[in-house]
Amino acid sequence: MAKEHNAIEIERAVLGLLLSNHHLISNTVGYISEEEFYDKRHRIIFATLEELASSDITIEIAAIINRLREKGQLTEIGSEAYIGHLIQSAALESNLTKFIKVISEKAHLRKVKYVVNQLSKDLDKEDVDANELIEKVETDILASTRDTAMGEFESAEEIIKKTIKNIEMRQTSSDLAGIPTNWTDFDSMTSGFQKGDLVILAARPSMGKTAFALNIAAAAAKNNSVAFFSLEMPKEHLMARVLSSVSYVDGYKFKKNAMTKMDWEKINIAQEQISNYKLFIDDTPGLTLSELMWKAKKHHKNHPIDMILIDYMQLIAGPKGSSGDNRQAEVSAISRGLKQLARELNVPLIALSQLSRRVEQREDKRPMMSDIRESGAIEQDADLIMFLYREAYYQKVEDQNQEEMRHQTTKVIIAKHRNGAIGDVDLAFDPSIGLFTDKIKGDL
């Protein structure tokens, strides 16, 4: 016989306590909903209690019975006697929180069971699309997970204590508040990447977006667990770039018979260093938002994540089966989903983004917020928006000597910073090894 996930006796005990102690009703609001009660009679009674608690009506047994009668629901719960039966079953006040959690957990299990049963029915249909079915299941499970991960109100007293404690820690510590990059001026302006923040890194092609992201990931992975989603490039290609930047060996040499003995010595040292990085790469192409979120949460459960990077967000696919006619709306939904993921896992999430071609059509090629492709809600959702701008890219090659080409100045334009300063940071970029470094003061 299939197991029924319910706790009817506990439901009676909770309702009996609320009927006997009306002042406790307000304590349950936001922690449990009427839909989570298994017994229909209990759903009706709890909804009535919430309704009366939100009005100016004094909550008494007579008022509850009258309200049920007015709504034609008294017969649905059986009779007035059932109210008395619930009161006799009342739980101890000390058990209220524990019992509410039991009821919510049973409701969550019923939702999961429903999804599984629907999956079984859909599998028996003709012409079933496996990808669409997987997408639907993942979406339903994620929605169920969000229901049980609801936050709670905290008093100003508790929040201010935590806030003061954090401020005190910052005053007595030389460490940054967030995850550092080891770029001095950049870290000084941002205080590192902050937990729960959605960070957008946008640039035109060939500006070094992926190299910049890999530099961030490599610096962070020395002391933090980093998840890197590469929707464009195979993981082996990414690792070759990391190897080049860590070993200081020109990545072009990897593709031809040009490695020297000294190069191999550098490679071997770099391999040992990189092997100790807590860096995890997923290069599955064409991920949908729900698939990406599912993978991130699954990985976080096994290897708690401290930072997520995504290269790049416009390659996140729309829901399977969607026409793609309104891509801007899809990208806006993706932006909101990534912000939600950053908040849920409490990690900085850095998403790379393309810029529109209109940048190339202007005389001033310095990027602006409106240049973000399919921007929609991106500007609103992001906590930090930064652009990469390399003026040398737009100059004629004959105007630059070899040394200038190797150490091109890249401006990191911090255009939006919800909790800090905006402005430019100059970094030196060596394209041959894909490495960004602090720019030495006085360099052009």
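Quick one: would you say LEU24 is crowded, with 17+ Cβ neighbours inside 10 Å and at pLDDT below 90?
On the way: crowded, with 17+ Cβ neighbours inside 10 Å: no; at pLDDT below 90: yes.
Spelling it out, it is not the case that LEU24 is crowded, with 17+ Cβ neighbours inside 10 Å and at pLDDT below 90.
Show the residue pairs meeting these rules: Cβ distance below 8 Å; 6+ apart or different chains; first residue within region 109-129 and without any contact (Cβ under 8 Å) to a residue 60 or more places away in the chain; second residue surrounded by fewer than 13 Cβ atoms within 10 Å (Cβ to Cβ).
Within 8 Å, the pairs are ASP122/VAL128.
Give region 102-131 a look and list any residue that's exposed (fewer than 14 other Cβ atoms within 10 Å of the Cβ) and either touching a Lys or Arg at 6+ places or on another chain (Cβ under 8 Å) or basic (Lys, Arg) (or both), or say none.
Residues satisfying the conditions are LYS121, LYS125, ASP129, ASN131.
What is the number of the single condition among (1) closer than 15 Å to VAL199 by Cα; (2) crowded, with 17+ Cβ neighbours inside 10 Å; (3) at pLDDT below 85 that GLN380 does not meet?
(2)
Name the single residue that is nearest to the chain's Cα centre (by Cα) among those in region 383-420 being over 22 Å from ASP364 (Cα atoms) and at pLDDT 85 or above. Full working, then the answer.
Just the residues of region 383-420 that are over 22 Å from ASP364 (Cα atoms), to begin with: 383-384, 401-403, 406-407, 417-420.
Checking the rest, the ones that are also at pLDDT 85 or above come to 383-384, 417-418.
Numbers: ASP383: 12, LEU384: 14, HIS417: 18, ARG418: 17 Å.
Filtering region 383-420 for residues that are over 22 Å from ASP364 (Cα atoms) and at pLDDT 85 or above, the one nearest to the chain's Cα centre (by Cα) comes out as ASP383.
Which of the residues spanning region 71-85 are closer than 15 Å to LEU15 by Cβ and part of a loop (DSSP other than H, G, I, E, B)?
Those that are closer than 15 Å to LEU15 by Cβ and part of a loop (DSSP other than H, G, I, E, B): GLN73, GLY78.
Is there a residue in region 164-186 that is charged (D, E, K, R), at pLDDT 85 or above and under 19 Å from ASP306 (Cα atoms)?
Checked against the condition, which is being charged (D, E, K, R), at pLDDT 85 or above and under 19 Å from ASP306 (Cα atoms), region 164-186 yields no hits at all.
Checking SER323 against (1) surrounded by 12 or more Cβ atoms within 10 Å (Cβ to Cβ); (2) at pLDDT below 85; (3) of a type in the set (Ser, Thr, Tyr): exactly one of these is not met. Which one?
The number of the failed condition is (1).
For region 86-95, give me each residue that is assigned to a helix (DSSP H, G or I) and either touching a residue at least 60 places away in the same chain (Cβ under 8 Å) or over 12 Å from LEU24 (Cα atoms) (or both).
Those that are assigned to a helix (DSSP H, G or I) and either touching a residue at least 60 places away in the same chain (Cβ under 8 Å) or over 12 Å from LEU24 (Cα atoms) (or both): LEU86, ILE87, GLN88, GLU93, ASN95.
Every residue, every condition in (1) closer than 24 Å to ILE350 by Cα; (2) modelled with pLDDT under 75; (3) of a type outside the set (A, V, I, L, M), yes or no:
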residue	(1), (2), (3)
LYS136	no, yes, yes
THR139	yes, yes, yes
THR145	yes, yes, yes
GLY151	yes, yes, yes
SER155	no, yes, yes
ILE159	no, no, no
SER191	yes, no, yes
LEU198	yes, no, no
MET207	yes, no, no
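Quick test for you: out of SER245, SER188, SER206, pick the one residue that is in contact (Cβ under 8 Å) with a residue 12 or more places away in the chain and in a helix (DSSP H, G or I).
SER245
Please specify each residue of region 257-287 satisfying the condition of being among the basic types (Lys, Arg) and assigned to a helix (DSSP H, G or I).
Quick first cut of region 257-287, residues among the basic types (Lys, Arg) only: 261, 266, 278.
Scanning region 257-287 gives LYS261, LYS266.
Does PHE254 satisfy the criteria of being hydrophobic (A, V, I, L, M, F, W, C), over 30 Å from LYS365 (Cα atoms) and part of a helix (DSSP H, G or I)?
Yes.
What are the residues in region 288-316 that are outside any helix (DSSP H, G or I), over 20 Å from GLY192 (Cα atoms) and within 13 Å of the chain's Cα centre (by Cα), if any?
Answer for region 288-316, where residues must be outside any helix (DSSP H, G or I), over 20 Å from GLY192 (Cα atoms) and within 13 Å of the chain's Cα centre (by Cα): there is none.
Condition first: crowded, with 19+ Cβ neighbours inside 10 Å and among the small types (Gly, Ala, Ser). Now tell me which residues in region 259-295 satisfy that.
Within region 259-295, SER290 is the sole residue that qualifies.
The values are calculated or read from the model by the stated rules, or taken from the named source; none is laboratory data. What you see is a predicted model; the values in this text were computed from it and never measured. Don't worry about glycine lacking a Cβ; one is built from the backbone with ideal geometry, like all the others, and counts go over all protein chains shown.
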